[in-house]
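Chemist: The structure that follows is given in the form of structure tokens.
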Amino acid sequence: MSQAWPEMEEQTLPAEFAHEEESIKITGFWMFLVTDVLIFASLFSLYAVYAGRMGGEPNPATFFHLGPALAETLLLLTSSFTVGLAIWFMRRRQVGAMTAWLVATLVLGATFVAIEAREFLGDIQSGYTWHQSAFLSAFFTLVGTHGAHVTFGILMALTLLIQVARRGLTPVTARKLYTFSLYWHFLDVVWIFIYSVVYLGGRLG
Amino acid sequence: MSVHRAPDAEEHLPYLEAHFESETRFPWIKVVGYAGSLVLTLVAFWAVSAHWMSPTALLAFILGLAVAQAALQLGVFMHLRESRGPSWQIAGLGLGLFIAVGLVGMSIWIMLFKSGVS
């Protein structure tokens, strides 16, 4: 693993693509995202099949709170924008600005997870656990898997902040920051479908 | 039409060229993309809250908005085409989406046959 920046001829490339080896790892990370598409596709299929299997109470039309779901959506969309700016500053080698936008992304992501956890705990206190019905099993599995991904992304960003503070911006840390941004945007896309199909779609039933 | 022949190392293949977006000026495209994503979200929220159309039409409408939103994220924020060589991620993602749409679509389709089950 080379930590140094390559020769002048490659300086025109973005930081995260400066090394060929790191560029290949970015392609590899895209392939991981493709497998994650398949995981979420499976869970969406599950939800589509079981959303109507409510076993009495509750049903999707009354169960979901659209206000918190809209707040979560706006938080995640904003965090997608801030991580985009972080990568833009990373490519300009402006580590301070990049770190600031990454911290903003983290705070937004943590707020998202906090709202989701609060919603889930409220449901559980009302007796609506995933044991209740096939609908709730599918709902908690789909939305919970996404929430777990976001939580993992926050831990990933925290370790990256530590690495950048200790090593500075190198071809390796640049690649890791870039793949984190891909992961984060991808989770935003998955959430948009959860918001549309599960939360808004639940009102249409 | 050009005669078919095996490409050699000297030949110029645009497909194998590095592709990166120029990002020298302030990224207004990201600001526009962010504003666009907010508009798409709020339109979907409003359409459902106001019962703008029939439930089936609304579902199709908000799914369309979600697809637009996904395309926006991939195009504006994820630098989808960027690569030092061929953009393999587009081929992989295409295959992944093909399977995803097939899986979800066929699951919904088979549940429409209510005669034997439910």
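Nothing in this text is a laboratory measurement; each read-out follows from the coordinates by a stated rule. Computed from a predicted model, the values in this text were never measured in an experiment. A quick note on method: Cβ atoms are made from the backbone with ideal geometry, for glycine too, and the neighbour counts reach across all protein chains shown.
Chemist: Every residue in the range B:74-90 that is in contact with a Gly (Cβ under 9 Å, 6 or more places away or on another chain), surrounded by fewer than 21 Cβ atoms within 10 Å (Cβ to Cβ) and free of Cβ contacts under 8 Å to residues at least 60 places away in the same chain, please.
Modeler: B:75
Chemist: If you check every pair at least six apart or on different chains, which have Cβ atoms under 7 Å apart with a residue in the range B:61-72 that is at the interface with chain A (Cβ under 9 Å from one of its Cβ atoms) and more than 17 Å from residue A:37 (Cα to Cα) first and a residue that is surrounded by 16 or more Cβ atoms within 10 Å (Cβ to Cβ) and among the β-branched types (Val, Ile, Thr) second?
Modeler: Qualifying pairs under 7 Å: B:62/B:48.
Chemist: Now for a separate question. Just for the range B:32-55: of the residues that are facing chain A (nearest Cβ under 8 Å) and without any contact (Cβ under 8 Å) to a residue 12 or more places away in the chain, which one is surrounded by the most Cβ atoms within 10 Å (Cβ to Cβ)?
Modeler: Top of the filtered list is B:45.
Chemist: Given the criterion at negative phi and within 11 Å of another protein chain (Cβ to nearest Cβ), identify the matching residue among A:112, A:63, A:120, A:81.
Modeler: A:81
Chemist: Kindly evaluate residue B:105 against the criterion of being within 8 Å of chain A (Cβ to nearest Cβ) and part of a helix (DSSP H, G or I).
Modeler: Considered against the rule, which asks whether it is within 8 Å of chain A (Cβ to nearest Cβ) and part of a helix (DSSP H, G or I), residue B:105 comes out as no.
Chemist: While we're looking at this one, here's another question. Among the residues of the range A:56-64, is any surrounded by 15 or more Cβ atoms within 10 Å (Cβ to Cβ) and aliphatic (A, V, I, L, M)?
Modeler: No, because not a single residue in the range A:56-64 is surrounded by 15 or more Cβ atoms within 10 Å (Cβ to Cβ) and aliphatic (A, V, I, L, M).
Chemist: Now a separate question. Answer with yes or no whether residue A:144 is surrounded by fewer than 17 Cβ atoms within 10 Å (Cβ to Cβ) and on the phi > 0 side of the Ramachandran plot.
Modeler: no
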